[in-house]
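Worksheet: one structure, shown below.
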Amino acid sequence: MSTHSSVTNVERFFEDREIIVSKTDLKGRITYANDVFVNISGFSEAELIGQPHSIIRHPQMPRCVFKLLWDTLAGGEEIFAYVINRCKNGDHYWVYANVTASRDHNGSIISYHSNRTVPDYKIVQQLVIPLYKTLLAEEKRHNNAKTGMNASFQMLVDVLKENNMDYDEFLFSLAS
C-alpha cells in the first residue's frame, strides 16, 4: 500500500529519450528500479525495492485498468497502458507502459518487466483522462470497492466490444 497520501496536482515530466524501468516478482513487489524511476518517483531505490508496485498508485487511476493488466499478464500476454503514477511527495506523472512477463528456460513466468515511456499528451488529455474519469466514477458509485472495480471493468469491456478491439488495439487506435 502507498506510504504517502497527499496529492499536489503538480505534474512531473521526464525526457522523451528516458525510459522508466522496473521489475517485479510474481506478486508485484519491486525487485529493480532504474535511476529514471527513482528520480521521477521521488523515492530512493531502497524505499522502492521490496514494496508493492502500488506504492506509486495515483488515486485518479482506475483500479479496473490494473485488473485488466494483471489478468492479461496471468494469461501470458504483454500489455500496454496509459498510467498516471503518484510521486512520494504527491506530484504525479503520466507514462505509456509496456508490461511483459519474464520467463525461465522452461517458459514459466518468473517475474514481470515494465518499460514506461513519455505518453502522447494529446491522447492523455483528450481521450485517456475522460475515459478514466468515467471508469473512476463507476468505481466510486458502489459502496463496495470490489463491486465498483468489477462494474468499471465491465464498462471497459463494453467499450472494447463496441469498438470490436482488445485493449492494446484500442490504445493503438487512439494514436491514429
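Values quoted throughout were computed directly from the atomic coordinates according to the rules given, and no laboratory measurement underlies them. On a predicted model such as this, the values are computed, not experimentally measured, just so you know. All Cβ positions, glycine included, derive from the backbone under ideal geometry; neighbour counts span all protein chains shown.
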Order the peptides 109-118, 86-95, 161-170, 24-33 from the highest to the lowest mean number of other Cβ atoms within 10 Å of their residues.
-> 86-95, 109-118, 24-33, 161-170
Answer with one residue from 137, 48, 111: the one whose Cα lies farthest towards the positive end of the charge dipole of the chain, charges on Cβ with Lys, Arg +1 and Asp, Glu -1.
-> 137
Of 65, 26, 100, farthest towards positive along the dipole that unit charges on Lys, Arg, Asp, Glu beta carbons give the range 20-119 = 65
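Eigenvalues of the Cα gyration tensor times 5, then square-rooted: what semi-axes does that give for the chain, in whole angstrom, largest first? Don't skip to the end; give the middle numbers.
On the way: eigenvalues 110, 83, 59 Å².
For the chain, the semi-axes come out at 23, 20, 17 Å.
Helix check for the chain. Which DSSP H runs span at least 24 Å along their own axis by Cα, with a mean Kyte-Doolittle hydropathy no less than -0.5?
Numbers: long enough: 145-162 (25 Å, 0.14).
Going by DSSP H runs, the hits are 145-162.
Give me the dipole magnitude in Debye, nearest 20, for the range 20-119 about the Cα centre, with unit charges on the beta carbon: positive for Lys and Arg, negative for Asp and Glu. Don't jump to the answer; show the numbers that get you there.
On the way: 10 positive and 9 negative charges, 54 e Å.
Roughly 260 debye, rounded to the nearest 20.
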According to a simple spin-label model (label point 7 Å from Cα along Cα-to-Cβ), what is the distance in nm between residue 168 and residue 105?
-> 2.8
